[in-house]
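The structure appears below as structure tokens.
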Amino acid sequence: QVQLVESGGGLVQAGGSLRLSCAASVRPFGWYAMGWFRQAPGKEREFVAAIKWTTSTFYADSVKGRFTISRDNAKNTVYLQMNSLKPEDTGVYYCAAPSQPFKLGHDSYDYWGQGTQVTVSS
């Protein structure tokens, strides 16, 4: 029932930028926290960023200062603006949402998108 569709992934050179989008069907969208996770080759899935219903944001230390998560409630979409990309950022990026509104926590996500590949070349 709940659908999360990521887009915007691709191949980019180190130092470049990429903007990921996630269209979500959860309603009311503005009441849900949304998150971005990624999984690099040979590594476990890791938290990247999250945004609360209040628009407060959270970031993994590895992306602070380079990535920005935002949302457009009118479009039911969450974004991940990625700047100063590094080869270490390469991986499959997933959009995620909890099963209930006003729920927050890195381990509280129940719905996941199909993922979009981000490859950063050196």
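Any idea of residue 82's accessible area? Nearest 10 Å², probe 1.4 Å.
Solvent-accessible area, nearest 10 Å²: 0 Å².
How large is the charge dipole for the chain, taken about the Cα centre, if only the Cβ atoms of Lys, Arg (+1) and Asp, Glu (-1) carry charge, to the nearest 20 debye? Walk me through the intermediate numbers first.
Working: 12 positive and 9 negative charges, 54 e Å.
Dipole magnitude for the chain comes out near 260 debye.
Using R₀ = 35 Å, calculate the FRET efficiency as 1/(1 + (r/R₀)^6) where r is the Cβ-Cβ separation of residue 108 and residue 13; round to 0.05.
On the way: r = 35 Å, r/R0 = 1.00.
Result of the calculation: an efficiency of 0.50.
So which lysines pass the test for residue 64, namely a Cα distance under 25 Å, with those fewer than 8 places away in the same chain ruled out?
Filter leaves 43, 52, 86, 103.
Go through segment 33-45 residue by residue and turn each phi into a ³J(HN,Hα) via Karplus (6.51, -1.76, 1.60, θ = phi - 60°); whole Hz please, and just put x for glycine and proline.
6, 10, x, 10, 10, 9, 9, 8, x, x, 10, 7, 5
Full extension from residue 27 to residue 5: what is 0.36 nm times the residue separation minus their Cα-Cα distance, to one decimal in nm? Intermediate results must be reported in sequence, preceding the final value.
Values: separation 22, 0.36 × 22 = 7.92 nm, distance 1.49 nm.
Length gained between residue 27 and residue 5: 6.4 nm.
The values are calculated or read from the model by the stated rules, or taken from the named source; none is laboratory data. Fair warning: this is a prediction, and the values are worked out from it, not measured in the lab. In this analysis, Cβ positions are derived from the backbone assuming ideal geometry, glycine residues included, and neighbour counts consider all displayed protein chains. Please note that ligands, DNA and RNA were not included when accessible areas were found on the heavy atoms of the full protein model with its side chains. Shrake-Rupley method; radii C 1.70, N 1.55, O 1.52, S 1.80 Å.
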